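K.L.:
Let me begin by handing over the structure; questions about it come next.
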Amino acid sequence: MNKLYYLSTCSSCKKIINSWKLNKSIKLIDIKKNPINSKGLEAVYAISKNYEDIFNKRALLFREVKKETKNINENTYKELILKHYSFLKRPILIIGNKLFIGNSKQMVLKAKIELDKL
């Protein structure tokens with residue numbers, strides 16, 4: 001299933017989503033209202049093969065975690081993402097077995113090209 005994990009209160013997410021042509025095959029998931037669960041996270045991880053790639057290091061809560069935690073590893077990233085929605089990088093678009101993570105111009109363009117094929 002094609003999915004888009006996003007934050008409805010994030011202006012960057014809104015801008016990106018408005019620039020894409022989303023059709024009904026994309027399931028929209030607002031991570032604030034419906035935080036990613038273990039099953040959803042495992043599906044993203046199965047494609048990315050790395051929790052750090054899907055972790056939002058800009059999250060305000062991460063500043064506190066860095067102070068308290070000396071060794072941040074893959075398991076720590078996974079636990080934090082499941083603990084609070086703000087630790088998930090966004091948006092995350094899954095189309096088939098392709099994964100588009102974050103809001104860089106290059107990633108947004110690649111995702112747009114893939115969405116236009118649907």
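No value in this document is a laboratory result; all are computed from the given coordinates. Please read all numbers here as calculations on a predicted model, not as lab measurements. No Cβ is skipped: glycine too gets one built from the backbone with ideal geometry, and neighbour counts run over all protein chains shown.
K.L.:
Given the structure, is Ile36 in a loop (DSSP other than H, G, I, E, B) and under 13 Å from Ile92 (Cα atoms)?
P.N.:
yes
K.L.:
Considering only residues that are touching a helix residue (DSSP H, G or I) at 6+ places or on another chain (Cβ under 9 Å) and outside any loop (DSSP other than H, G, I, E, B), look in segment 3-14 and name the one that is surrounded by the fewest Cβ atoms within 10 Å (Cβ to Cβ).
P.N.:
The residue in question is Lys3.
K.L.:
While we're here: Does segment 21-45 hold any residues that are closer than 19 Å to Ile113 by Cα and in contact with a strand residue (DSSP E or B) (Cβ under 8 Å, 6 or more places away or on another chain), and which are they? Working first, answer last.
P.N.:
Keep residues of segment 21-45 that are closer than 19 Å to Ile113 by Cα, which gives 21-28.
Within segment 21-45, Leu22, Ser25, Ile26, Lys27, Leu28 qualify.
Yes/no matrix, rows are residues, columns are (1) part of a loop (DSSP other than H, G, I, E, B); (2) not charged (D, E, K, R):
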residue	(1), (2)
Leu22	yes, yes
Lys32	yes, no
Tyr45	no, yes
Arg58	yes, no
Arg63	no, no
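K.L.:
Would you check which residues across segment 86-102 are assigned to a strand (DSSP E or B) and within 14 Å of Tyr6 (Cα to Cα) and list them?
P.N.:
Leu88, Ile92, Leu93, Ile94, Leu99, Phe100, Ile101
K.L.:
Condition test on Tyr51, is it buried (at least 16 other Cβ atoms within 10 Å of the Cβ) and in contact with an Asp or Glu (Cβ under 6 Å, 6 or more places away or on another chain)?
P.N.:
Yes.
K.L.:
Also, quick follow-up: For the condition among the polar types (S, T, N, Q) and touching a Leu at 6+ places or on another chain (Cβ under 7 Å), what is the one hit in Ser86, Ser104?
P.N.:
From the options Ser86, Ser104, the qualifying one is Ser86.
K.L.:
Also, quick follow-up: Within segment 73-85, does at least one residue satisfy the condition of being in a loop (DSSP other than H, G, I, E, B) and either among the aliphatic types (A, V, I, L, M) or over 26 Å from Lys33 (Cα atoms) (or both)?
P.N.:
There is at least one residue in segment 73-85 that is in a loop (DSSP other than H, G, I, E, B) and either among the aliphatic types (A, V, I, L, M) or over 26 Å from Lys33 (Cα atoms) (or both).
K.L.:
Can you pull out the residues in segment 54-83 that are surrounded by 15 or more Cβ atoms within 10 Å (Cβ to Cβ) and of a type outside the set (Ser, Thr, Tyr)? If you could, list the steps in order and put the result at the bottom.
P.N.:
Just the residues of segment 54-83 that are surrounded by 15 or more Cβ atoms within 10 Å (Cβ to Cβ), to begin with: 54-56, 59, 62, 65, 72, 76-78, 80-82.
Scanning segment 54-83 gives Ile54, Phe55, Asn56, Ala59, Phe62, Val65, Ile72, Lys78, Leu80, Ile81, Leu82.
K.L.:
Can you list residue pairs whose Cβ atoms sit under 6 Å apart, with the first residue in segment 18-35 being touching a residue at least 24 places away in the same chain (Cβ under 8 Å) and the second being assigned to a loop (DSSP other than H, G, I, E, B) and surrounded by 14 or more Cβ atoms within 10 Å (Cβ to Cβ)? Count only pairs 6 or more apart in sequence or on different chains.
P.N.:
Cβ pairs passing all conditions: Ile31/Leu7; Lys32/Leu7.
K.L.:
Please specify each residue of segment 87-107 satisfying the condition of being closer than 19 Å to Ile31 by Cα, touching a residue at least 40 places away in the same chain (Cβ under 8 Å) and surrounded by fewer than 19 Cβ atoms within 10 Å (Cβ to Cβ).
P.N.:
Ile95, Asn103
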